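J.: Got a structure for you, questions after.
The values are calculated or read from the model by the stated rules, or taken from the named source; none is laboratory data. Note that this is a predicted model, so its numbers are computed, not measured. Here the Cβ is made from the backbone with ideal geometry for all residues, glycine too, and neighbour counts use every protein chain on show. Remember, those area values only see protein heavy atoms, side chains included, never the ligands or the DNA or RNA. Shrake-Rupley method; radii C 1.70, N 1.55, O 1.52, S 1.80 Å.
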Amino acid sequence: MNKSYQNIVILTGAGISAESGLATFRGANGLWNNYNVQDVASVEGFARNPTLVHQFYNELRPEILKAKPNAAHLAITKLQKEYAANVSIITQNVDTLHEQAGNENVYHIHGQFDQYVCLNCGHIFHNLNDITPQTPCPYCLVKGRLKPNIVFFGENLLYMDKVETLLETCDLFLSIGTSGTVFPAANFVQIAKKNKAETYEFTLEETSNNFFFDHHIYGKAGETFPDFVLELLKRT
Ligand code: APR
């Protein structure tokens, strides 16, 4: 960290929400230890058993609603407010803790837990109620066509044009709380690196794509990232 930066991109994963009490996907108590990801987060699984998938997200929703932003989310707000650079957040998380912490320029490439989409009329709407395969769409009233607006394995990510532009123009790429195991998000650091960005990862342990990071800061993001932001602000 030896210069001022103009365009900062922050990629976040489940690890940034861990200290807010939300389960990550892999590692100890990971969600995918207790559920088969193909059953509850894939296009085929949803077609095979929509009741199971709706039940999974109905059970996840109250957990997510209980969670509050932690010091890592708040440090991003501090960075956006006090550091003279464009700071954008690409998040793999479907929780809205970034927004609740006051983060701006947040792109949910895997969708959001509080949105549903009607596969009949295409409407995307805010929803916090339990959904079943019998729940009618509030717009076209057709039943059995509602899907969580969450990107399942087998679907395209959201905001990818914007992501491409952000990665091609960033000079500082910060990855917080992601294992770097799911593509294309795991590839973003390589694109940033190709464009000469300095790259940091903040995680608990070595990740699958750690080779591409210039710096590795191991520890809880709620502790390591606020320190990093203070350090960065000292240098302005
Ligand atoms: N502080 C920092 N990092 C943490 C913390 C913490 N308190 N707790 C966990 N981590 C790190 C772990 O070390 C791990 O590297 O967060 C990462 C969590 O990895 P995953 O559970 O694989 O979550 P993520 O990388 O976000 O998964 C990516 O996989 O199934 C899909 O769509 C799902 O968006 C998800 C994607």
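J.: Give the residue that is farthest from the ligand (Cβ to nearest atom), with candidates limited to residues of segment 32-52 that are in contact (Cβ under 8 Å) with a residue 24 or more places away in the chain and of a type outside the set (S, T, N, Q).
T.: As a first pass, look at segment 32-52 and keep what is in contact (Cβ under 8 Å) with a residue 24 or more places away in the chain: 37-38, 41-46, 50-51.
Subset that is of a type outside the set (S, T, N, Q): 37, 41, 43-46, 50.
Working: VAL37: 6, ALA41: 6, VAL43: 13, GLU44: 15, GLY45: 12, PHE46: 14, PRO50: 19 Å.
Only one residue fits best here, namely PRO50.
J.: Follow-up. Looking at segment 69-90, is at least one residue in a loop (DSSP other than H, G, I, E, B), at pLDDT 95 or above and either within 16 Å of the ligand (Cβ to nearest atom) or surrounded by 19 or more Cβ atoms within 10 Å (Cβ to Cβ) (or both)?
T.: yes
J.: Okay, next question. For ASN105, all conditions in the list (1) surrounded by fewer than 18 Cβ atoms within 10 Å (Cβ to Cβ); (2) out of contact with any helix residue (DSSP H, G or I) (no Cβ under 6 Å at 6 or more places or on another chain); (3) outside the structural domain of VAL229 (by TED's automatic domain parsing); (4) in contact (Cβ under 8 Å) with a residue 24 or more places away in the chain hold save one; what is the number of the exception?
T.: That leaves (3) as the condition not met.
J.: Please specify each residue of segment 96-122 satisfying the condition of being within 24 Å of ASN49 (Cβ to Cβ) and assigned to a loop (DSSP other than H, G, I, E, B).
T.: From segment 96-122, those within 24 Å of ASN49 (Cβ to Cβ) are 110-122; that's our starting set.
Answer for segment 96-122, where residues must be within 24 Å of ASN49 (Cβ to Cβ) and assigned to a loop (DSSP other than H, G, I, E, B): HIS110, LEU119, ASN120, CYS121, GLY122.
J.: So ASP161 clears everything in (1) at pLDDT 95 or above; (2) under 16 Å from the mean Cα position of the chain (by Cα) except one condition, right? Which one?
T.: In the conditions (1) at pLDDT 95 or above; (2) under 16 Å from the mean Cα position of the chain (by Cα), ASP161 misses (2) alone.
J.: Report every pair of residues separated by at least 6 positions or lying on different chains whose Cβ atoms are under 9 Å apart, first residue within segment 6-24 and part of a helix (DSSP H, G or I), second more than 10 Å from the ligand (Cβ to nearest atom) and among the charged types (D, E, K, R).
T.: SER17/ASP95
J.: Report those helices (runs of 4 or more DSSP H) wholly inside segment 126-236 carrying at least 2 residues which are within 12 Å of the ligand (Cβ to nearest atom) and surrounded by 13 or more Cβ atoms within 10 Å (Cβ to Cβ).
T.: Values: elements: 160-169, 188-194, 221-234.
Hits in segment 126-236: 221-234.
J.: Go through (1) closer than 18 Å to ASN105 by Cβ; (2) more than 17 Å from the chain's Cα centre (by Cα) one by one and return the number of the condition PHE173 breaks.
T.: So PHE173 meets the others, but not (2).
J.: When segment 180-208 is examined, which residues are found to be of a type in the set (Ser, Thr, Tyr), farther than 18 Å from TYR5 by Cα and at pLDDT 95 or above? Before you say what the answer is, go through the steps one by one.
T.: Quick first cut of segment 180-208, residues of a type in the set (Ser, Thr, Tyr) only: 181, 199-200, 203, 207-208.
Now drop any that are not farther than 18 Å from TYR5 by Cα, which leaves 181, 203, 207-208.
Passing the criteria: only THR203.
J.: Would you point out the residue of segment 5-21, among those that are under 19 Å from ARG61 (Cα atoms) and near the ligand (Cβ under 10 Å from one of its atoms), that is most open to solvent (accessible area, probe 1.4 Å)?
T.: Within segment 5-21, the match that is most open to solvent (accessible area, probe 1.4 Å) is GLU19.
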